[in-house]
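Let me begin by presenting the structure, written as C-alpha coordinates, before commenting on it.
The values are calculated or read from the model by the stated rules, or taken from the named source; none is laboratory data. Since the structure is predicted, the reported quantities are computational estimates derived from the model, not experimental observations. Quick reminder, even Gly has a Cβ in these numbers, built from the backbone with ideal geometry, and neighbours come from all protein chains shown. Heads up: the accessible areas ignore ligands, DNA and RNA and are worked out on the full protein's heavy atoms, side chains in. Shrake-Rupley method; radii C 1.70, N 1.55, O 1.52, S 1.80 Å.
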Amino acid sequence: GFKALDNREYMANALNALGVVQRRAGNLDEAVEYLKQAAIMSREQGQVEGEATALMNQAVIHKQRKEYDQAIPLYKRALELAAGPPSNEGMAAYIYNNLSSLYSDQKRYELALDALEMPYQFFAANGNKREQAAVTLGMATNLQGLKRYEESIRKYRETIVLSKEELFFLRDAHTGISQA
(Lines give C-alpha, C1' and ligand atoms only; values in the text may rest on other atoms or scores of the structure.)
Protein backbone atom coordinates (compact mmCIF):
# COMPACT_ATOMS: atom_id res chain seq x y z
CA GLY A 1 0.00 0.00 0.00
CA PHE A 2 3.03 2.33 0.29
CA LYS A 3 3.82 2.26 -3.43
CA ALA A 4 2.66 5.90 -3.68
CA LEU A 5 5.72 6.95 -1.67
CA ASP A 6 7.90 5.60 -4.48
CA ASN A 7 5.97 7.52 -7.12
CA ARG A 8 8.44 10.07 -8.47
CA GLU A 9 5.75 12.34 -9.93
CA TYR A 10 4.15 12.55 -6.47
CA MET A 11 7.60 13.25 -4.99
CA ALA A 12 8.28 16.02 -7.50
CA ASN A 13 4.94 17.67 -6.65
CA ALA A 14 5.71 17.37 -2.93
CA LEU A 15 9.15 18.96 -3.41
CA ASN A 16 7.55 21.79 -5.36
CA ALA A 17 5.04 22.36 -2.56
CA LEU A 18 7.82 22.27 0.06
CA GLY A 19 9.72 24.86 -1.96
CA VAL A 20 6.72 27.19 -1.95
CA VAL A 21 6.20 26.68 1.80
CA GLN A 22 9.88 27.44 2.48
CA ARG A 23 9.69 30.55 0.29
CA ARG A 24 6.66 31.84 2.19
CA ALA A 25 8.46 31.13 5.46
CA GLY A 26 11.38 33.24 4.20
CA ASN A 27 13.81 30.30 3.90
CA LEU A 28 14.82 31.17 0.36
CA ASP A 29 17.96 29.03 0.11
CA GLU A 30 16.10 25.88 1.20
CA ALA A 31 13.22 26.80 -1.11
CA VAL A 32 15.53 27.01 -4.13
CA GLU A 33 17.05 23.60 -3.29
CA TYR A 34 13.64 21.92 -3.08
CA LEU A 35 12.53 23.58 -6.31
CA LYS A 36 15.71 22.56 -8.18
CA GLN A 37 15.11 18.96 -7.11
CA ALA A 38 11.46 19.22 -8.15
CA ALA A 39 12.45 20.53 -11.60
CA ILE A 40 14.98 17.74 -12.15
CA MET A 41 12.62 15.02 -10.97
CA SER A 42 9.76 16.39 -13.10
CA ARG A 43 12.03 16.58 -16.16
CA GLU A 44 13.14 12.96 -15.63
CA GLN A 45 9.47 11.91 -15.50
CA GLY A 46 8.50 13.97 -18.55
CA GLN A 47 6.17 16.03 -16.32
CA VAL A 48 6.24 19.27 -18.29
CA GLU A 49 3.81 21.15 -16.06
CA GLY A 50 5.68 20.15 -12.88
CA GLU A 51 9.00 21.26 -14.34
CA ALA A 52 7.58 24.58 -15.57
CA THR A 53 6.01 25.23 -12.15
CA ALA A 54 9.27 24.48 -10.32
CA LEU A 55 11.23 26.77 -12.67
CA MET A 56 8.66 29.57 -12.29
CA ASN A 57 8.77 29.24 -8.50
CA GLN A 58 12.58 29.46 -8.56
CA ALA A 59 12.35 32.54 -10.78
CA VAL A 60 9.96 34.18 -8.29
CA ILE A 61 12.60 33.78 -5.55
CA HIS A 62 15.37 35.24 -7.73
CA LYS A 63 13.06 38.14 -8.62
CA GLN A 64 12.35 38.68 -4.91
CA ARG A 65 16.14 38.86 -4.35
CA LYS A 66 16.52 41.22 -7.34
CA GLU A 67 18.67 38.56 -9.07
CA TYR A 68 17.05 39.38 -12.39
CA ASP A 69 19.76 37.81 -14.55
CA GLN A 70 19.02 34.46 -12.87
CA ALA A 71 15.23 34.86 -12.92
CA ILE A 72 14.73 35.77 -16.59
CA PRO A 73 16.16 32.55 -18.12
CA LEU A 74 14.07 30.47 -15.70
CA TYR A 75 10.89 32.31 -16.73
CA LYS A 76 11.79 31.90 -20.41
CA ARG A 77 12.45 28.16 -20.04
CA ALA A 78 9.16 27.76 -18.15
CA LEU A 79 7.40 29.57 -21.02
CA GLU A 80 8.98 27.20 -23.56
CA LEU A 81 7.64 24.26 -21.53
CA ALA A 82 4.18 25.84 -21.19
CA ALA A 83 4.10 26.34 -24.98
CA GLY A 84 4.01 22.56 -25.22
CA PRO A 85 3.12 20.17 -26.58
CA PRO A 86 0.77 19.91 -24.86
CA SER A 87 0.37 23.65 -24.51
CA ASN A 88 -0.80 25.09 -21.21
CA GLU A 89 -2.05 28.61 -21.90
CA GLY A 90 -3.17 29.17 -18.32
CA MET A 91 0.30 28.45 -16.99
CA ALA A 92 1.87 30.60 -19.73
CA ALA A 93 -0.41 33.50 -18.74
CA TYR A 94 0.80 33.30 -15.11
CA ILE A 95 4.44 33.07 -16.19
CA TYR A 96 4.10 36.07 -18.52
CA ASN A 97 2.41 38.00 -15.71
CA ASN A 98 5.34 37.23 -13.38
CA LEU A 99 7.91 38.10 -16.05
CA SER A 100 6.12 41.40 -16.68
CA SER A 101 6.36 42.23 -12.98
CA LEU A 102 10.12 41.61 -13.10
CA TYR A 103 10.53 43.91 -16.13
CA SER A 104 8.43 46.53 -14.34
CA ASP A 105 10.73 46.30 -11.29
CA GLN A 106 13.61 47.01 -13.68
CA LYS A 107 11.68 50.00 -15.10
CA ARG A 108 11.66 48.23 -18.51
CA TYR A 109 8.03 49.26 -18.99
CA GLU A 110 7.80 48.51 -22.73
CA LEU A 111 8.91 44.89 -22.20
CA ALA A 112 6.61 44.64 -19.17
CA LEU A 113 3.65 45.85 -21.22
CA ASP A 114 4.43 43.46 -24.11
CA ALA A 115 4.58 40.53 -21.67
CA LEU A 116 1.04 41.34 -20.46
CA GLU A 117 -0.63 41.07 -23.90
CA MET A 118 -0.98 37.27 -23.76
CA PRO A 119 -2.33 37.10 -20.17
CA TYR A 120 -4.68 40.02 -20.89
CA GLN A 121 -6.23 38.14 -23.83
CA PHE A 122 -6.21 34.81 -22.01
CA PHE A 123 -7.79 36.02 -18.75
CA ALA A 124 -10.39 38.10 -20.63
CA ALA A 125 -11.52 34.88 -22.31
CA ASN A 126 -10.91 32.32 -19.54
CA GLY A 127 -10.10 34.03 -16.30
CA ASN A 128 -11.96 35.32 -13.30
CA LYS A 129 -12.35 39.01 -12.51
CA ARG A 130 -9.47 38.96 -10.01
CA GLU A 131 -6.99 37.64 -12.61
CA GLN A 132 -8.23 40.17 -15.16
CA ALA A 133 -7.92 43.00 -12.63
CA ALA A 134 -4.34 41.99 -11.72
CA VAL A 135 -3.23 42.07 -15.37
CA THR A 136 -5.11 45.30 -16.14
CA LEU A 137 -3.56 46.98 -13.10
CA GLY A 138 -0.13 45.87 -14.33
CA MET A 139 -0.84 47.39 -17.73
CA ALA A 140 -1.97 50.66 -16.15
CA THR A 141 1.16 50.84 -13.99
CA ASN A 142 3.47 50.23 -16.96
CA LEU A 143 1.63 52.73 -19.16
CA GLN A 144 2.08 55.26 -16.37
CA GLY A 145 5.81 54.39 -16.26
CA LEU A 146 5.93 55.19 -19.99
CA LYS A 147 4.19 58.53 -19.30
CA ARG A 148 1.22 57.40 -21.44
CA TYR A 149 -1.12 58.90 -18.86
CA GLU A 150 -4.46 58.87 -20.75
CA GLU A 151 -4.13 55.17 -21.64
CA SER A 152 -2.96 54.50 -18.09
CA ILE A 153 -6.06 56.15 -16.58
CA ARG A 154 -8.29 54.07 -18.91
CA LYS A 155 -6.63 50.86 -17.67
CA TYR A 156 -6.91 51.98 -14.03
CA ARG A 157 -10.64 52.59 -14.60
CA GLU A 158 -10.96 49.14 -16.20
CA THR A 159 -9.27 47.71 -13.09
CA ILE A 160 -11.82 49.45 -10.84
CA VAL A 161 -14.72 47.97 -12.83
CA LEU A 162 -13.18 44.48 -12.61
CA SER A 163 -12.26 44.59 -8.93
CA LYS A 164 -15.50 45.28 -7.11
CA GLU A 165 -14.44 43.42 -3.93
CA GLU A 166 -10.66 43.47 -4.36
CA LEU A 167 -9.76 46.37 -2.05
CA PHE A 168 -6.04 46.02 -2.75
CA PHE A 169 -6.59 46.52 -6.52
CA LEU A 170 -9.11 49.32 -5.94
CA ARG A 171 -6.67 51.19 -3.70
CA ASP A 172 -3.82 50.86 -6.23
CA ALA A 173 -6.06 51.87 -9.14
CA HIS A 174 -7.34 55.00 -7.35
CA THR A 175 -3.80 55.92 -6.30
CA GLY A 176 -2.60 55.41 -9.87
CA ILE A 177 -5.31 57.64 -11.30
CA SER A 178 -4.48 60.42 -8.89
CA GLN A 179 -0.76 60.15 -9.73
CA ALA A 180 -1.40 60.06 -13.49
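Taken together, the residues in segment 45-55 that are open to solvent by 30 Å² or more (accessible area, probe 1.4 Å) and in contact with a helix residue (DSSP H, G or I) (Cβ under 7 Å, 6 or more places away or on another chain) amount to 5.
Given the criterion under 19 Å from V20 (Cα atoms) and either without any contact (Cβ under 8 Å) to a residue 12 or more places away in the chain or not polar (S, T, N, Q) (or both), identify the matching residue among L99, L81. Result of the check over L99, L81: L99. Each residue in segment 116-140 was checked for being polar (S, T, N, Q) and surrounded by fewer than 18 Cβ atoms within 10 Å (Cβ to Cβ), and 3 pass.
Screening M41 against (1) among the aliphatic types (A, V, I, L, M); (2) over 27 Å from G127 (Cα atoms); (3) free of Cβ contacts under 8 Å to residues at least 12 places away in the same chain leaves a single unmet condition, (3).
Among the residues making up segment 78-90, those that are open to solvent by 30 Å² or more (accessible area, probe 1.4 Å) and under 15 Å from A115 (Cα atoms) are E80, A83, E89. Just one of the listed residues (K36, K63) is at pLDDT 95 or above, open to solvent by 30 Å² or more (accessible area, probe 1.4 Å) and farther than 18 Å from L111 by Cα, namely K36.
A residue that is assigned to a helix (DSSP H, G or I) and under 14 Å from V60 (Cβ atoms) occurs nowhere in segment 107-122. Reported count of residues in segment 141-180, each being open to solvent by less than 30 Å² (accessible area, probe 1.4 Å), within 15 Å of Y109 (Cβ to Cβ) and polar (S, T, N, Q), is 2.
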